[in-house]
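Visitor: Following this message is one structure expressed as structure tokens.
The values are calculated or read from the model by the stated rules, or taken from the named source; none is laboratory data. From a predicted model like this one, the values you see are computed outputs, not experimental measurements. In this analysis, Cβ positions are derived from the backbone assuming ideal geometry, glycine residues included, and neighbour counts consider all displayed protein chains. Only protein heavy atoms, including side chains, enter the accessible area calculation; ligands, DNA and RNA are left aside. Shrake-Rupley method; radii C 1.70, N 1.55, O 1.52, S 1.80 Å.
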Amino acid sequence: MDAAEIDVYKQKLSEVELALSADPDNTELQQLKTEIQDLLALSAQLHPAPQPTPTPAPAPAATPTHKWQIGDSCEAQYTDSKYYPARVVAVRADTYGVTFVGYSGMHDIHASSMRVARAQSNVHRAPARERTKKRGKSGVEQSQQAWLKFARGKNKAINNKSIFKSPDTVTGKVGVTNSGRGVTKNPRPAKLL
């Protein structure tokens, strides 16, 4: 008999005792009560209740030695108990709000579930905003200068003559020249019968 069945019989015993308090002279209820008590006593002899093993007291929580600040990179423990690269986005009284790198949702993580990020060249990469900060104005200025240089036309290898320029003579033709092909002649439509 398992623990669930024993609990069921204990509940039935309490119901029988309640019914006997209302009708103490009922012999059927008295007999049922003694049978249930005997059954519970026998099951206790066959399967003694396991002695509760003293659970070790939880180790005192290690006081976090690292004070995290908003923007710090770290490794935070996810629900699958593995550590993943994360960034601190909020500081609260006993938890920190972090976003895992590559994901957008914020998770509340206790300080004991966070650790200093390990240096891995391929795994951790600064977000684009920080990469542009590191590049500084020189990168932005270089991009601007390249665009201005293109817009001014210093590097253009384009002929200044327009292909749609009006011809100088009355018999001149407008169109693309020097393409290697002659001027296209329009075919005459055939007569319909």
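Visitor: Given a 1.4 Å probe and heavy atoms of the protein chains only, how would you sort PHE150, PHE100, largest accessible area at the top?
Guide: Largest accessible area first, the list is PHE150, PHE100.
Visitor: While we're here: So if each residue of separation counts as 0.36 nm, and I subtract the Cα-Cα distance between ASP38 and ARG188, what length gain in nm does that give?
Guide: 42.3 nm
Visitor: Give the accessible area for LYS165 in Å² (nearest 10); use a 1.4 Å probe, count only protein heavy atoms, and leave out ligands, DNA and RNA.
Guide: Rounded to the nearest 10, that gives 130 Å².
Visitor: Related question: All other residues with a Cβ under 14 Å from the Cβ of MET106 taken together, and with Lys, Arg as +1 and Asp, Glu as -1, what is their net charge?
Guide: Cβ neighbours under 14 Å give a net charge of +1.
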